[in-house]
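What follows is a set of notes on a single structure, which appears directly below.
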Amino acid sequence: MAIKKSGSAHWEGNLKKGKGSVSTETQVLKDQPYGFNTRFEDGKGTNPEELIGAAHASCYSMALSMILEGHDLVADSIDTKATVHLEEKDGGFAVTKVHLDVTASIPGATPAQFEEATTAAKENCPISKLLTAEITMDAKLV
């Protein structure tokens, strides 16, 4: 079974002065502004790295919850922050790493269970796996 979700973006103009908007299929995000100023400066709006960070943090937290359930453990809370590192590399920019900061309250969990579960979630959440995913494309010029 494949589950498909989508997001969309619209862009106008050049890199530094252009502007865009990003939306999700569910319209939880609808026409949120993004641009050079929101990515590399302090402009209001979002940016791809921030969205990847939010997606990774939420996916990781859900994966950890599932893994804990397999050990008959239920978290009172899981707080995850994913910091996405965008760096200049090889004449362009690249996401070079994502760092997860996780704080969890899990009644009855031992340190060993916590370490095993957090590592398994980091390695197996779908967004963690995304960074090595096959990328396909359909492109048309209009």
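The values are calculated or read from the model by the stated rules, or taken from the named source; none is laboratory data. Source: prediction; values computed, not measured. Here Cβ is always computed from backbone atoms with ideal geometry, including for glycine, and neighbour counts include all displayed protein chains.
Test S65 against the stated conditions and say whether it is free of Cβ contacts under 8 Å to residues at least 40 places away in the same chain, in the same structural domain as A112 (by TED's automatic domain parsing), of a type in the set (S, T, Y) and surrounded by 15 or more Cβ atoms within 10 Å (Cβ to Cβ).
yes
Looking only at residues that are part of a strand (DSSP E or B) and of a type in the set (S, T, Y) in the stretch 93-142, which one is nearest to A57 (Cα to Cα)?
T103
Looking at H71, H99, H56, which one is farther than 24 Å from W11 by Cβ and in contact with a strand residue (DSSP E or B) (Cβ under 8 Å, 6 or more places away or on another chain)? Please lay out each step first, then the result.
Values: H71 fails: in contact with a strand residue (DSSP E or B) (Cβ under 8 Å, 6 or more places away or on another chain); H56 fails: farther than 24 Å from W11 by Cβ.
Answer to the selection: H99.
Could you list, in sequence order, all residues of the stretch 82-99 that are over 13 Å from I52 (Cβ atoms) and under 12 Å from the mean Cα position of the chain (by Cα)?
Scanning the stretch 82-99 gives no hits.
Which count do you get for residues in the stretch 1-58 that are under 17 Å from the mean Cα position of the chain (by Cα), in a loop (DSSP other than H, G, I, E, B) and hydrophobic (A, V, I, L, M, F, W, C)?
2
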